[in-house]
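Everything on this sheet refers to the single structure shown next.
The values are calculated or read from the model by the stated rules, or taken from the named source; none is laboratory data. Please read these numbers as outputs of a predicted model, since none were measured by experiment. Glycine also receives a Cβ, built like all others from the backbone with ideal geometry; neighbour counts cover every protein chain displayed.
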Amino acid sequence: MSEKLLSVVIPARNEQAGIVQIIERVCATRPALRELGLALETVVIDDGSRDRTAALAAQCADTRVIRHLANRGHGAALKTGFRHAQGEVLAFLDADGTYPPDAKQVAVVGTIIADSAAAENA
């Protein structure tokens, strides 16, 4: 099975207090994703932040940061992220950590990928 790319889009506005931690938690799922045949891409959309959100996110390994110079809203940030994502599989996660990435979510992604592959081969 060839490895597919999972793009995790994280819209963020004024999230300097937690952006690094949420990116690190996403990156921590990389080994579990690899077991499912998925590579990981992290894309942070800085939606007009007036703090250091973009600068802090840019310092994280394997993270691309796209900036909106002015706040356009959550929906626009998601759309920007999806346009810039390179993955065959897309996911999104809020920067505030309300729903942090964990093993259960990775298992759900794996099930979706497996079901999709089975449907393609049917």
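Details
- Residue under evaluation I45, criteria (1) over 14 Å from the mean Cα position of the chain (by Cα); (2) hydrophobic (A, V, I, L, M, F, W, C); (3) at pLDDT 95 or above; (4) crowded, with 16+ Cβ neighbours inside 10 Å, criterion not met: (1)
- Residue match in the range 2-25 (condition: of a type in the set (D, E, K, R) and closer than 20 Å to G73 by Cβ): yes
- The range 83-102 residues that are assigned to a strand (DSSP E or B), paired with ones that are modelled with pLDDT under 90 and among the small types (G, A, S) (beta carbon under 9 Å, 6 or more apart): V89/S116
- In the range 48-59, residue farthest from T80 (Cα to Cα) [restricted to those that are of a type in the set (A, V, I, L, M) and surrounded by 17 or more Cβ atoms within 10 Å (Cβ to Cβ)]: L56
- The range 13-42, residues that are under 16 Å from G97 (Cβ atoms), buried (at least 16 other Cβ atoms within 10 Å of the Cβ) and either touching a strand residue (DSSP E or B) at 6+ places or on another chain (Cβ under 6 Å) or of a type in the set (S, T, N, Q) (or both): R13, N14, Q16, I19, I23, V26, T29, T42
- Residues located in the range 79-122, provided they are at pLDDT 95 or above and surrounded by fewer than 18 Cβ atoms within 10 Å (Cβ to Cβ): K79, F82, R83, H84, Q86
- Pick from the range 67-78, criterion touching a Lys or Arg at 6+ places or on another chain (Cβ under 9 Å) and within 16 Å of V8 (Cβ to Cβ), ranking: surrounded by the most Cβ atoms within 10 Å (Cβ to Cβ): A77
- Considering the range 1-68, the qualifying helices (runs of 4 or more DSSP H), each wholly inside and each with 1 or more residues that are closer than 21 Å to E88 by Cα, run over 19-27, 30-35.
- Where a residue in the range 23-34 is of a type in the set (G, A, S) and its partner, wherever it lies, is part of a helix (DSSP H, G or I), with Cβ under 9 Å and at least six apart: A32/A103; A32/V106; A32/A107; A32/G110
- Single condition D62 does not satisfy, out of (1) buried (at least 18 other Cβ atoms within 10 Å of the Cβ); (2) at pLDDT below 95: (1)
- Residue in the range 60-82 that is of a type in the set (A, V, I, L, M, F, W, C) and closer than 17 Å to Y99 by Cβ present: yes
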